[in-house]
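So the structure is just underneath, and the comments pick up after that.
The values are calculated or read from the model by the stated rules, or taken from the named source; none is laboratory data. Remember, it's a predicted structure, so these values are computed and weren't measured experimentally. Here the Cβ positions follow ideal geometry from the backbone for every residue, glycine too, while neighbour counts run over all protein chains shown. For accessibility, only protein heavy atoms count, side chains too; no ligands or nucleic acids. Shrake-Rupley method; radii C 1.70, N 1.55, O 1.52, S 1.80 Å.
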Number of protein chains: 2
Amino acid sequence: MRAAERRLRAGELALRIAVLGLGLTAAALVGSDSQVRRIFSLEKRARFTDMKVLVFVVVANGVAAGYSLLQALRCVVGAMRGYVVLNKVLAWIIFSCDQVMAYVLLSAMAAAAQASVLGQFGQPELQWIKTCELYKKFCKQVGEGLGSAFVGSMAMIMVTCISAFNLFRLYGSKNSNGGW
Amino acid sequence: MRAAERRLRAGELALRIAVLGLGLTAAALVGSDSQVRRIFSLEKRARFTDMKVLVFVVVANGVAAGYSLLQALRCVVGAMRGYVVLNKVLAWIIFSCDQVMAYVLLSAMAAAAQASVLGQFGQPELQWIKTCELYKKFCKQVGEGLGSAFVGSMAMIMVTCISAFNLFRLYGSKNSNGGW
C-alpha cells in the first residue's frame with residue numbers, strides 16, 4: 001500500500017497546485033479586465049467591478065489560490081517529515097475547508113456563467129441587451145477567466161474526494177458491521 | 001456503535017426525504033410560476049420558460065427529488081432487511097451520484113440566484129432594467145422556489161458527507177500507516 005499512498009499524496013499535491021495556478025489565472029484574467037468604448041463623444045468603460053458576480057469570482061478564486069498554497073505547503077512538509085494525517089481533528093478541518101472552497105468556487109463560477117450567458121445572448125423577453133456586442137474584448141477575457149475558474153473548481157472537487165477519503169478511512173471498517 | 005450507526009441511517013433517511021420535499025416544492029413553485037401584465041392593450045406574460053436558468057432549476061430539482069425518492073426507498077429497504085452498505089462498488093455509485101446531484105443543485109441555484117438579483121436590481125451599467133418591478137408576483141414566487149432549492153441543496157450537501165463516510169470507511173485505517 002505504500003506506493004498507492006504515495007501516489008495519492010502526489011495526486012493531492014498536483015491537484016492543489018492546479019487549483020492554485022488556475023485560481024490565480026482566473027482572478028488575474030477577470031480582475032484585470034477592462035475595455036473602453038467611445039460612443040460618439042461619450043466614453044464608456046466596462047470593468048469587472050460593474051458586475052458584483054465578477055467581483056465574487058475574483059475574490060473566491062483569489063482565496064482559493066491562497067488556501068491551496070497553504071495546503072500545498074502542508075502536503076510538502078508532510079512528505080518531507082514523513083507523516084500521514086491520522087489526527088481526526090486536523091482531517092475534519094481539512095475536509096470541511098475543502099468542501100466549503102469547492103462549493104464556493106462552483107457557485108461563483110455558475111453565477112458568473114449565468115451572467116455571461118445573459119451578456120452574450122441578452123434576454124429579449126426582459127429587454128436586456130446583448131452587452132457583449134458592445135464589449136467584445138471584455139467578454140472574451142471574462143470567458144477565458146471563467147474557463148480557468150471552471151477547470152479549477154473541477155480540480156477542487158477532486159481534492160474534496162481525496163480529503164474525504166483521508167478523513168473517513170480513519171473511522172475504519174471495523175465498526176461498520178455494528179449497524180442493521 | 002449500533003446506536004450511532006442507527007442514528008446515522010435515520011439521519012440519512014431524514015435528509016433524503018428533506019431533499020425530496022424541498023426539491024418538489026422548488027420545482028412546483030418555479031415551474032407553475034406565471035404572471036400576465038396588461039400594458040395598455042398589450043398583454044405580456046412572464047413564464048419560467050422565458051429564462052433558461054429557471055428551466056434548469058426545475059429540471060435539476062425534479063431529478064433530485066426523483067433520485068432522493070429512490071435513495072430513500074433504498075434506505076428503508078436496507079433498514080428492514082438489516083443490511084449495511086459494505087459493497088464498495090455500490091458505495092462508490094451512491095457516493096458519485098450524490099456528489100453530482102449536490103453540485104448540480106448548487107450550480108442551478110447559484111445561477112438562478114444571479115439571474116434573480118439582476119431581475120430585482122437591474123444592471124444600470126448595462127441598461128438592464130429591473131424586471132421584477134413589472135412582474136412582482138412572478139419574482140416573489142421564484143424567490144420562494146429558490147429559497148426552497150437552497151435549503152434542499154444544503155441538505156444534499158450533508159447527504160454527500162454521509163455517503164462519503166459510508167464509502168471511505170470501507171477502506172479502513174489499517175492501511176493508512178503505510179504511507180509517509
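Can you find a residue that is touching a strand residue (DSSP E or B) at 6+ places or on another chain (Cβ under 8 Å), more than 30 Å from B:ALA60 (Cα to Cα) and assigned to a helix (DSSP H, G or I) anywhere in the range A:113-135?
Yes, the conditions are met somewhere in the range A:113-135.
Would you check if A:VAL89 is modelled with pLDDT under 95 and open to solvent by less than 10 Å² (accessible area, probe 1.4 Å)? Give the steps one after another, and end with the answer.
Values: modelled with pLDDT under 95: yes; open to solvent by less than 10 Å² (accessible area, probe 1.4 Å): no.
Answer is no for this residue.
Would you call A:LEU90 more than 8 Å from chain B (Cβ to nearest Cβ) and farther than 19 Å from A:THR25 by Cβ? Walk me through how you get there before you give the answer.
Details: more than 8 Å from chain B (Cβ to nearest Cβ): yes; farther than 19 Å from A:THR25 by Cβ: yes.
So A:LEU90 passes the test.
Of the residues B:PHE95, B:PHE48, which is more than 20 Å from B:THR25 (Cα to Cα), touching a residue at least 60 places away in the same chain (Cβ under 8 Å) and under 19 Å from the mean Cα position of the chain (by Cα)? Quick ask: steps written out before the conclusion?
Details: B:PHE48 fails: more than 20 Å from B:THR25 (Cα to Cα).
Step by step, each of B:PHE95, B:PHE48 is checked, and only B:PHE95 is more than 20 Å from B:THR25 (Cα to Cα), touching a residue at least 60 places away in the same chain (Cβ under 8 Å) and under 19 Å from the mean Cα position of the chain (by Cα).
Residues to consider are A:GLY23, A:GLY11, A:GLY66; find the one that is in contact (Cβ under 8 Å) with a residue 60 or more places away in the chain and under 30 Å from A:CYS139 (Cβ atoms).
A:GLY23
Determine if the range B:34-49 includes at least one residue that is open to solvent by less than 60 Å² (accessible area, probe 1.4 Å) and more than 14 Å from chain A (Cβ to nearest Cβ).
no
Within the range A:113-144, take every residue that is among the polar types (S, T, N, Q), within 23 Å of the chain's Cα centre (by Cα) and within 11 Å of chain B (Cβ to nearest Cβ) and give me the one that is nearest to A:GLY31 (Cα to Cα).
A:SER116
In the list A:MET158, A:MET80, A:MET101, which residue meets the criterion of being open to solvent by 20 Å² or more (accessible area, probe 1.4 Å), modelled with pLDDT under 95 and part of a helix (DSSP H, G or I)?
It is A:MET80.
Only one of these is part of a helix (DSSP H, G or I), farther than 26 Å from A:MET109 by Cα and out of contact with any strand residue (DSSP E or B) (no Cβ under 7 Å at 6 or more places or on another chain): B:LEU90, B:LEU54, B:LEU106, B:LEU29. Name it. If you could, list the steps in order and put the result at the bottom.
Details: B:LEU54 fails: farther than 26 Å from A:MET109 by Cα; B:LEU106 fails: farther than 26 Å from A:MET109 by Cα; B:LEU29 fails: farther than 26 Å from A:MET109 by Cα.
From the options B:LEU90, B:LEU54, B:LEU106, B:LEU29, the qualifying one is B:LEU90.
Taking the range B:94-153 only, how many residues are at positive phi and among the polar types (S, T, N, Q)?
1
Among the residues in the range A:58-77, are any open to solvent by less than 50 Å² (accessible area, probe 1.4 Å), modelled with pLDDT under 90 and within 14 Å of chain B (Cβ to nearest Cβ)?
no
Would you confirm, using the coordinates I've provided, whether B:GLU5 is within 12 Å of another protein chain (Cβ to nearest Cβ), under 29 Å from B:VAL159 (Cα atoms) and buried (at least 19 other Cβ atoms within 10 Å of the Cβ)? Write out each step before concluding.
Working: within 12 Å of another protein chain (Cβ to nearest Cβ): yes; under 29 Å from B:VAL159 (Cα atoms): yes; buried (at least 19 other Cβ atoms within 10 Å of the Cβ): no.
It is false that B:GLU5 is within 12 Å of another protein chain (Cβ to nearest Cβ), under 29 Å from B:VAL159 (Cα atoms) and buried (at least 19 other Cβ atoms within 10 Å of the Cβ).
Any residue at all in the range A:105-117 that's at pLDDT 90 or above and more than 15 Å from A:LEU54 (Cβ to Cβ)?
Yes, that holds for at least one residue.
One line per residue, one yes/no per condition, for (1) modelled with pLDDT of 95 or more; (2) within 20 Å of B:LEU105 (Cα to Cα); (3) of a type outside the set (D, E, K, R); (4) open to solvent by 80 Å² or more (accessible area, probe 1.4 Å):
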{"residue": "B:GLY119", "(1), (2), (3), (4)": "no, no, yes, no"}
{"residue": "B:THR131", "(1), (2), (3), (4)": "no, no, yes, no"}
{"residue": "B:LYS136", "(1), (2), (3), (4)": "no, no, no, yes"}
{"residue": "B:VAL142", "(1), (2), (3), (4)": "no, yes, yes, no"}
{"residue": "B:ALA149", "(1), (2), (3), (4)": "yes, yes, yes, no"}
{"residue": "B:GLY178", "(1), (2), (3), (4)": "no, no, yes, no"}
